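Below: one structure, written as structure tokens.
The values are calculated or read from the model by the stated rules, or taken from the named source; none is laboratory data. From a predicted model like this one, the values you see are computed outputs, not experimental measurements. Virtual Cβ from ideal backbone geometry, glycine too; neighbours counted across all protein chains shown. Side chains are part of the model used for accessible areas, which takes the heavy atoms of the whole protein and leaves out ligands, DNA and RNA. Shrake-Rupley method; radii C 1.70, N 1.55, O 1.52, S 1.80 Å.
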Amino acid sequence: MNAPTGQRASPDRKHPSSPRPARLTLRPPTFPPGPVSGAWWPRSDDLPAELPALIEAFDTSWGRVTRMAAHRDAWPEAPCDLPVAGHTVRAAWYTSGFDPHAIRLFSYGVGRRDLLVVPPGIEAATAERLMTAAADPARHLTASALLEDAGEGPSAGDA
């Protein structure tokens, strides 16, 4: 299973100038980071349409996000440059060695944040449990392990 899965954006859809707020939860800043720093639940798998709201949330609270990294198979499009409000985010795409259910954001001089990407088509109750678990400082699971723990990961369909 690749992440995210679910709703596809229509190819002729225009990217909104002011995106809806990102569905995002973060680990409290006083706790050391775990394998993930929280979770992001995009509304579709259209990264160019979804990323601006996520970046806006981080730009205002954490510092300007300048780069991002993700697994290549996780998103249908893999542009190198992603325009967001006021600047462009440079993307790095990995085909191995990177959790397919995570996205990594980099802010110059501040550091990085790894987030669980909750699949867009998942049930709201499951998404909320995943987002809470990803932000829980007592949990030290990777993005894929969180999904598997919730019964939504790669082994959920194996039997």
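State whether one or more residues within the range 91-101 are of a type in the set (Gly, Ala, Ser), open to solvent by less than 30 Å² (accessible area, probe 1.4 Å) and part of a strand (DSSP E or B). Scanning the range 91-101 turns up at least one residue that is of a type in the set (Gly, Ala, Ser), open to solvent by less than 30 Å² (accessible area, probe 1.4 Å) and part of a strand (DSSP E or B).
Among all positions in the range 60-76, there is at least one residue which is modelled with pLDDT under 95, out of contact with any helix residue (DSSP H, G or I) (no Cβ under 8 Å at 6 or more places or on another chain) and surrounded by 18 or more Cβ atoms within 10 Å (Cβ to Cβ). Residue count for the range 100-127 under the criterion of being in contact with a strand residue (DSSP E or B) (Cβ under 9 Å, 6 or more places away or on another chain) and within 13 Å of Trp40 (Cβ to Cβ): the result is 12. Confirm whether Asp45 is among the acidic types (Asp, Glu), closer than 18 Å to Trp93 by Cα and surrounded by 23 or more Cβ atoms within 10 Å (Cβ to Cβ). So Asp45 fits the description; yes. Scan the range 2-48 for residues that are of a type in the set (Gly, Ala, Ser) and at pLDDT 60 or above and the total you get is 6.
The residues of the range 24-53 that are polar (S, T, N, Q) and in contact (Cβ under 8 Å) with a residue 60 or more places away in the chain, listed by number, are Thr25, Ser37, Ser44. Just name the residue that is farthest from Ala74 (Cα to Cα) out of those in the range 104-136 that are assigned to a loop (DSSP other than H, G, I, E, B) and modelled with pLDDT under 90. It comes out as Gly109.
Please verify whether Glu148 is over 21 Å from Pro32 (Cβ atoms), surrounded by 15 or more Cβ atoms within 10 Å (Cβ to Cβ) and at pLDDT below 95, treating the condition exactly as stated. So Glu148 passes the test. The condition of being open to solvent by 70 Å² or more (accessible area, probe 1.4 Å) and either closer than 25 Å to Glu152 by Cβ or touching a residue at least 60 places away in the same chain (Cβ under 8 Å) (or both) holds for only one of Glu56, Glu123, that being Glu123.
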